[in-house]
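Heads up, the thing below is written out as C-alpha cells.
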Amino acid sequence: MEIISSRNHLLEWRSSLKAKNEGLTFVPTMGALHQGHLSLIHQGLASNNQILASIFINPLQFNNPQDLNQYPKTPELDLDLLKKTACNAVYMPQYQDVYSEPIPHLFEFGALESSFEGNFRPGHFQGVAKVLYRLFSDVQPQEVILGLKDYQQYMVVKELSRRFFPHIKIEGAPTLRDEQGLAMSSRNQRLSPPEYLQAVKVAKAINQAGIGQKTQTFAEWKKGIVQLCSTLPDISVEYLELANPSTLGIVADWPKNQAAILLVAFYAGQTRLIDNVFLAEM
Ligand code: AMP
C-alpha cells in the first residue's frame, strides 16, 4: 500500500494511474479507523478499480473546537488496518495540501444542509463540502463510497457531486454496528463504560422503530423513547425525527406511501453520536 503524504505526490500517483488506464474508487475518512470504515473499502472491491483511502481531520467541519481537539488520532493503527485490506494507497495530507489554494465556489444545499445536523452544527456541511471539493478535484475518482450512517452528509455530497463532479458515482454503504448494536464510530472510543451501555440502550430502542411502527403512532413511540432517555443519566437527545429520505423534510408520522428515515442525534456524556434507521412504507 502506497502512503501518500503530500498533494504533489498525490497528483503524480493519480497521473500514473491515468497512464495505466486504471479506474479509481475513493474512500475519504478522518481516521481512527474501525470496521465500519473498512467495510467501505471492501465495498469498493466490486468495481475492480484501484482503491484510495484518505485520512484527514478537517478542521473546517468542526463547529466545536473541543470536539476537534478531542477527536481520536491513531495514524499507526490506521495504517496497520489499511494494509490488511485491498486498499492500494492512502492519502494523508497536511492542512496546506488541502487549503492552500482557495476553494472557488460557494456551496448552497438549501434544506439539505440547514436541517438536523446543519441546525445543530452550524457551518458543518460547508466544511464537508470544502474539503471534499478539494479532494474530489485532486483525486479525480470514478467512484466515491460513503457510509449511510452519516445519511445527511451522503445526501449533501450527492448534491455536491451532481453540481460539480457529475461523472463521479457516489455510493452509499450500510451502517456497520458493533456486537451490541451501536453504530461504529471513531467517537465511540471516547465513551466511558457506563456511557457506552447507555448509548447501546438508545441504539437498540431506535432500531426497534419498525416494531413501534406496527402498533403506535410516531408521536407515541417517540414519547416512549424520550421517557427511556430520561432514565439514562448520561444521555440527552438533540433530535429524533422522521424525514423524507430524498428531501430530508420532516414527516409527521410513519411512512404510508413512501419510505422514511428516522434520524437521531444524542449525547452520551460529552460525546455526540448520530444514527439512523430506514423504515419501509406499511
Ligand atoms: P469519518 O471518518 O467518521 O469521517 O467517516 C468516514 C466514512 O466512513 C464516512 O463516509 C462515514 O459515513 C463512514 N462510516 C463511519 N462509520 C461507519 C459505520 N459504522 N458503518 C459504515 N460506514 C461508516
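The values are calculated or read from the model by the stated rules, or taken from the named source; none is laboratory data. Given the structure is predicted, the values throughout are model-derived calculations rather than measurements. In this analysis, Cβ positions are derived from the backbone assuming ideal geometry, glycine residues included, and neighbour counts consider all displayed protein chains. For the accessible areas, the whole protein counts, side chains as well, though only heavy atoms, and no ligand, DNA or RNA atoms are used. Shrake-Rupley method; radii C 1.70, N 1.55, O 1.52, S 1.80 Å.
Once you have all Cα-Cα distances for region 186-279, histogram them in 5 Å bins from zero and send the whole-percent values.
2, 14, 26, 23, 16, 12, 6, 1, 0
Could you state how much accessible area M282 has, in square angstrom rounded to the nearest 10, with a 1.4 Å probe and all protein chains kept in place?
My reading of the accessible area for M282 is about 130 Å².
Can you tell me the length gained on complete extension of the stretch Q189 to S15, counting 0.36 nm per residue apart and subtracting the Cα distance? Walk me through the intermediate numbers first.
On the way: separation 174, 0.36 × 174 = 62.64 nm, distance 3.75 nm.
Extra length available between Q189 and S15 comes to 58.9 nm.
Express in nm, to one decimal, how much length is gained between M1 and D67 on full extension, taking 0.36 nm for each residue of separation and deducting their alpha carbon distance.
Gain in length upon complete extension: 20.7 nm.
Working from Cα positions, state the angle (0 to 90°, nearest 10) between the long axis of helix 35-44 and the longest principal axis of the chain.
60
Evaluate the relative contact order of the chain (contact order divided by residue number), counting alpha-carbon pairs under 8 angstrom at least 6 apart; express in whole percent.
Numbers: 458 pairs, mean separation 49.0, N = 282.
Relative contact order, the chain: 17 percent.
Within the chain, what whole-number % of the accessible surface is contributed by carbon and sulfur, with the 1.4 Å probe and all protein chains included in the calculation? Provide the component values of the computation, followed by the final result.
On the way: 6940 of 13130 Å².
Ligands and nucleic acids excluded, carbon and sulfur give 53 percent.
Give me a comma-separated list of calculated 3J(HN,Hα) values for region 244-254, in order, Karplus coefficients 6.51, -1.76, 1.60 applied at θ = phi - 60°, integers in Hz, x for any Gly or Pro.
These are the phi-based 3J(HN,Hα) values: 6, x, 8, 10, 6, x, 5, 10, 6, 9, 3 Hz.
If you place +1 on the Cβ of every Lys and Arg and -1 on the Cβ of every Asp and Glu, how big does the dipole about the Cα centre of the chain come out, in debye to the nearest 20? Could you put the intermediate results ahead of the total?
Details: 25 positive and 27 negative charges, 45 e Å.
Once rounded to the nearest 20, the dipole reads 220 debye.
Could you give the angle, 0 to 90 degrees to the nearest 10, between helix 218-230's Cα long axis and the longest principal axis of the Cα atoms of the chain?
It works out to around 80 degrees.
What ranking of L279, L228 comes out by heavy-atom accessible area, probe 1.4 Å, highest first? Let's see the in-between values first.
Numbers: L279 10, L228 55 Å².
From most exposed to least exposed: L228, L279.
Mind checking the angle between helix 7-19 and the chain's longest principal axis? C-alpha axes, 0 to 90 degrees, to the nearest 10.
Once rounded, the angle reads 80 degrees.
Once all Cα-Cα distances of the chain are split into 5 Å bins that start at 0, what whole-number percent is in each one?
1, 5, 12, 15, 18, 17, 13, 9, 5, 3, 1, 0, 0
Keeping all protein chains in position, work out how much accessible area T175 exposes to a 1.4 Å probe, and write it in Å² to the nearest 10.
40
At a threshold of 8 angstrom on Cα-Cα distance, excluding pairs fewer than six apart, so keeping six or more, what relative contact order does region 186-279 reach in percent?
Working: 132 pairs, mean separation 27.6, N = 94.
Relative contact order, region 186-279: 29 percent.
May I ask you to compute the full-extension gain from E108 to S230, defined as 0.36 nm times their residue separation minus their alpha-carbon distance, rounded to one decimal in nm?
Values: separation 122, 0.36 × 122 = 43.92 nm, distance 3.71 nm.
Going from the current span to full extension adds 40.2 nm.
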